[in-house]
Ligand SMILES: [Zn+2]
């Protein structure tokens, strides 16, 4: 008799379905999003950041709002530091 019934260990096939739709960027009613040329960034600095600017230094804004130049609406803003670094003056 063959006592050793070695079964092949089945590995459960993990179907990693990464169907992330991606972060939907807010748009204004004209269809302008933050990457559009019609979006004018408005930088907002903290008090310390504003002082640095006055002294001729560079500072990362604490918040950037995106205003559409067509309708004048602020439709988006970003506050994360990684994105704000792109708006250092
Ligand atoms: Zn607009």
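The values are calculated or read from the model by the stated rules, or taken from the named source; none is laboratory data. What you see is a predicted model, and the numbers here were worked out from it, not measured in a lab. Quick reminder, even Gly has a Cβ in these numbers, built from the backbone with ideal geometry, and neighbours come from all protein chains shown.
For this structure, a couple of remarks:
- Residue check for residue 60: part of a loop (DSSP other than H, G, I, E, B), surrounded by 15 or more Cβ atoms within 10 Å (Cβ to Cβ), more than 16 Å from the ligand (Cβ to nearest atom) and at pLDDT 90 or above: yes
- Here residue 47 clears all of (1) at pLDDT 65 or above; (2) under 27 Å from the mean Cα position of the chain (by Cα); (3) more than 19 Å from residue 87 (Cα to Cα) except the condition numbered (3).
- When the stretch 42-88 is filtered for residues that are touching a helix residue (DSSP H, G or I) at 6+ places or on another chain (Cβ under 8 Å) and more than 23 Å from residue 32 (Cα to Cα), the ones remaining, listed by number, are 45, 58, 59, 60.
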